[in-house]
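The values are calculated or read from the model by the stated rules, or taken from the named source; none is laboratory data. Everything numeric here is computed off the predicted structure, so don't read it as measured data. Ideal geometry is used to build each Cβ from the backbone, glycine not excepted, and the neighbour counts take in all protein chains shown. Keep in mind that these areas ignore ligands, DNA and RNA; they rest on the heavy atoms of the full protein, side chains included. Shrake-Rupley method; radii C 1.70, N 1.55, O 1.52, S 1.80 Å.
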Amino acid sequence: MYPLNLPPAQILHLSSQLLWSGLILLLVGLVAAYGLEKHLNVPTLVLAHSLTLIGPSVLKIGYVLRLIAQERLNDRACAHAVA
């Protein structure tokens with residue numbers, strides 16, 4: 001059911017890292033692709049535009065991992081409440 005067999009605290013830490021790295025990739029891609037477009041050569045410009053696609057994807061993965069960790073934490077809390 002769960003994609004990772006890690007403790008929820010580690011999944012939360014991993015999701016935070018993914019969220020921050022996705023945000024950084026997106027911002028760097030936006031600044032390079034649309035702010036510095038006149039100063040970049042074509043391969044670098046293509047890389048900058050690809051960062052604007054990769055960044056949001058990493059953000060989404062981090063968000064889903066955060067939801068999974070929160071669900072696992074809630075499941076543990078409910079198990080302790082019942083027992």
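Quick one: helix 8-30 against the long Cα principal axis of the chain, what's the angle to the nearest 10°, folded into 0 to 90? The helix 8-30 is inclined about 20 degrees to the chain.
This model, with +1 at the C-beta of Lys and Arg and -1 at the C-beta of Asp and Glu, gives the chain a dipole about its Cα centre of some 40 debye. Applied to segment 36-52, the Karplus parametrisation 6.51 cos²θ - 1.76 cosθ + 1.60 on θ = phi - 60° returns per-residue 3J(HN,Hα) values of 10, 4, 6, 9, 9, 7, 5, x, 5, 5, 5, 4, 5, 5, 5, 5, 6 Hz, with x for Gly and Pro. The heavy atoms of I24 present about 100 square angstrom of accessible area, all protein chains included, probe 1.4 Å.
Restricting the calculation to Cα atoms, the chain yields a radius of gyration followed by a Dmax of 18.0, 64 Å.
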